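Before any comments, here is the structure.
The values are calculated or read from the model by the stated rules, or taken from the named source; none is laboratory data. Keep in mind the model is a prediction, meaning the values are calculated, not measured. Virtual Cβ from ideal backbone geometry, glycine too; neighbours counted across all protein chains shown. These accessible areas exclude ligands, DNA and RNA; they are computed on the full protein's heavy atoms, side chains included. Shrake-Rupley method; radii C 1.70, N 1.55, O 1.52, S 1.80 Å.
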Amino acid sequence: MSDLDKKGGVNKTVAAVLDLERPLEFISEEKFREVAKLLEEVHEQPGVQQILDHVRPRLVKLRPGRKPNLQRLFYLPLEDLLIFDTISPDNGMLPRHLPALAWKYVAEHGDSETLKQLEVALKRTGTGDREAHKKIAHRVWPWASAILSNLVANTGNAKGMLGRDVGLIEELNEIAALLQAAESIDILKEELPPKPIRSLTDEQMGMIRRTIADGAKGDADQVYVMVLIVMVRMAKRADFLENIMGMTLGLSGADKPLVYARLSRLVMTEVTDRAKQLSATDKGNLVGLADNARNLVNGLVAAEKALKNDPRARHQLSEMRKTAEKTVTQVVDNAKGTVVAAISVGPDAPLESLIETENSLLALRKCATFAGQIGLDKSVTGALGSIVGEVRQKAEKLFASVSHKGGHQLPRAEVEQEMYWAVRMTELAGNPDDADKIRRQGMKALG
């Protein structure tokens, strides 16, 4: 088959993929692997990269066998930092199109003989031969890093290469540093647990420190990118930042605060995103507000501890703390008002109102788990205690009227319904002992 015929067949297959009756991310795993392998082979074809970007979450999950190429090896040290934004978030993350520009420059301006040798060596490896791929990657990384380092050293050339992305010079320099530190990054990724990493042992922290110190040899850019790579894999990034920067990493006294400040941008971005998510939450969704307020408060507490020596960060965090306090106060007031109003109606309220009441109590319970971190624990426990008191008072009046001889007797079914509703409300308010007491009082009143 001629190259032209082969290319024509490939294009037809790509067209078929675009016209699939079912979306690509929903086809069978077997078919998805086949299509993904094909698309990797023809990634330079128009529209193919957009398809790969769209199905990347499933691609990562299934990890289908992928025909290796030099660009893929080039990306390996950077992949944890890639995002879909087209502009710099100024926190160490890399817009996905920038490495593509960087690789294109390397392939066009690097030594053509070296590039050819690498391509030939890679073609001789099998699809699943990871060790062989790693050996070639260890040749690609320093070669590409040297080319990009020379580029960023000449600001004029770097700006010319970036064109309209001229604002990404810092990120381009970061890519060069990541490639230079790639072998150490590879060690870290192999030795660490899968992301998100919930916690690290003392031995793992020691391994990280040694790898960074030995690999960076005091170079601030190298320390920065290696800490950043581990940091983005952590579930609690602020805690990790505080711990690792408290260790000896070989940095000079002048460089350490600068590296710390660069890394703190990622922590601030994470907390700011949580604050935005809270602000965007429907104000009528009390459970959602409580959940998002908890996420923000947990992030705030960790960030305040990690960035305590940064005046600007402290000011920003203080403003976000005020937002969290205001939101929790509103949730408590609205939830308490809803529940107290529902108590007077009781279990005969419409289903929608009953659901709203239970959600209000759930929101209060959620707030109780973190309110102490922002000084609102008394407000939340006071609201819950007040609700329990209102329910108990109504239940006791009901039971007293039932027990009163000669008085108006309510139907037993109605009394039982009121009793079990009171028990349910008290349990939801987090007071099982009071709930059981109401149940026993009710059973006694009913004889």
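Observations
- Yes/no for Ala324 being under 30 Å from Glu242 (Cβ atoms), open to solvent by less than 40 Å² (accessible area, probe 1.4 Å), small (Gly, Ala, Ser) and free of Cβ contacts under 8 Å to residues at least 60 places away in the same chain: yes
- Pairs with Cβ under 8 Å, 6+ apart, first in region 418-444 and closer than 13 Å to Leu361 by Cα, second among the small types (Gly, Ala, Ser) and open to solvent by 10 Å² or more (accessible area, probe 1.4 Å): Gly430/Ala368
- Residue check for Val140: farther than 24 Å from Val227 by Cα, crowded, with 19+ Cβ neighbours inside 10 Å, in contact with a Phe, Trp or Tyr (Cβ under 8 Å, 6 or more places away or on another chain) and at pLDDT 95 or above: no
- Of the residues examined, Ala363 is not one that is of a type in the set (Gly, Ala, Ser), touching a Ser or Thr at 6+ places or on another chain (Cβ under 8 Å), open to solvent by less than 10 Å² (accessible area, probe 1.4 Å) and modelled with pLDDT of 95 or more.
- Any hit, region 245-261, residues being buried (at least 20 other Cβ atoms within 10 Å of the Cβ) and in a loop (DSSP other than H, G, I, E, B): yes
- Ile169, sole failed condition from (1) assigned to a loop (DSSP other than H, G, I, E, B); (2) in contact with a helix residue (DSSP H, G or I) (Cβ under 6 Å, 6 or more places away or on another chain); (3) surrounded by fewer than 18 Cβ atoms within 10 Å (Cβ to Cβ): (1)
- Subset of region 98-131 that is among the basic types (Lys, Arg) and closer than 30 Å to Leu168 by Cα - its residue that is surrounded by the most Cβ atoms within 10 Å (Cβ to Cβ): Lys104
- Pick from region 334-360, criterion without any contact (Cβ under 8 Å) to a residue 12 or more places away in the chain and open to solvent by less than 50 Å² (accessible area, probe 1.4 Å), ranking: farthest from Ala293 (Cα to Cα): Ala349
- Restricting attention to region 93-129, the residues that are farther than 24 Å from Val232 by Cα, under 33 Å from the mean Cα position of the chain (by Cα) and in a helix (DSSP H, G or I) total 3.
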